[in-house]
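Right, one structure below, let's go through it.
The values are calculated or read from the model by the stated rules, or taken from the named source; none is laboratory data. What you see is a predicted model, and the numbers here were worked out from it, not measured in a lab. Cβ sites come from the backbone with ideal geometry, for glycine too, and all protein chains shown count toward neighbours.
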Amino acid sequence: MKGGLPGGAALFVKRAAWIVALACLAASSRLSYYYARPLATSNTPRPSDVIVLLSHGQVGSEWLSPVGAQRTLGALKLYREGYASVIISSGSNPSRDWDQAGLQASWLGRAGVPSSAVVVERASRRTRGSAVEVARIMRERGWQSLVVVVSQFDAPRVKLVFHKVGLMPSFLEVPESGPPLDWFSVSYLAVFYHATYEYLGLAYYWSRGWI
């Protein structure tokens, strides 16, 4: 008996390899942009009682992830342009020794935002928790309106989550990608990954009754 896989198993492996190769090729093409397009809604931020800055990850103890930094710049932009006089920095993950909410507040302070203008909300671990905690803070302080800073592809899920807890925010969507310039690019893989994450997230949040 010769070594190697039986005929049927070998054929399966070859087909699986071709499928994986084609999937990677498609994910690194501009098709990823069109795959993600339904998530890229058009929202206009409105002047509000408070700006809500949803956290992302962080890199080490002093640096935000690129997405988190982009969102923080978005919140700073809204604050400087007078959309609201207070920012809620929401969401931390102590299980990873992360304090994104506090780190975002720190970077806002370095940019000139006074500490009295930033509310740090560390209790939430995910978007659902942020919505619940933000709703509580707003009730306690008598705030009625909010503008939420999100990443471009997060907006549909975040909007549904906040609506579920009775909040009707406007949004500033910070960009994650521009229109495709080339047919193939490694950068499209990140677009494909995030879009897939959000589509699965919508399904998961729906199954939990959070949207």
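Miscellaneous remarks
- Only residues that are among the acidic types (Asp, Glu) and modelled with pLDDT of 95 or more were counted across region 122-159, and they come to 2.
- Condition check for ASN43 on (1) more than 17 Å from ARG110 (Cα to Cα); (2) not β-branched (Val, Ile, Thr); (3) not in a loop (DSSP other than H, G, I, E, B): one failure, at (3).
- In region 46-74, residue nearest to LEU202 (Cα to Cα) [restricted to those that are of a type in the set (Gly, Ala, Ser) and in a helix (DSSP H, G or I)]: GLY68
- Just one residue in the set LEU103, LEU108, LEU78 is in a helix (DSSP H, G or I), within 29 Å of VAL191 (Cα to Cα) and in contact with an Asp or Glu (Cβ under 8 Å, 6 or more places away or on another chain); that residue is LEU103.
- Filter result for the condition that a residue is over 14 Å from LEU54 (Cβ atoms) and among the acidic types (Asp, Glu), over GLU133, GLU121, GLU198, GLU140: GLU140
- Residues of region 112-154 classified as of a type in the set (Gly, Ala, Ser), within 25 Å of PRO94 (Cβ to Cβ) and not in a helix (DSSP H, G or I), total: 3
- Residues of region 73-99 classified as touching a residue at least 60 places away in the same chain (Cβ under 8 Å) and not basic (Lys, Arg), total: 6
- Just so you know, in region 39-98 the residues that are more than 21 Å from ARG125 (Cβ to Cβ) and among the aromatic types (Phe, Trp, Tyr) include one that is surrounded by the most Cβ atoms within 10 Å (Cβ to Cβ), and it is TYR79.
- Per-region count, region 85-100, residues modelled with pLDDT under 95 and either in contact with a Cys (Cβ under 6 Å, 6 or more places away or on another chain) or outside any helix (DSSP H, G or I) (or both): 6
- Residue within region 164-182 that is at pLDDT 95 or above, surrounded by fewer than 21 Cβ atoms within 10 Å (Cβ to Cβ) and closer than 16 Å to PRO38 by Cβ present: no
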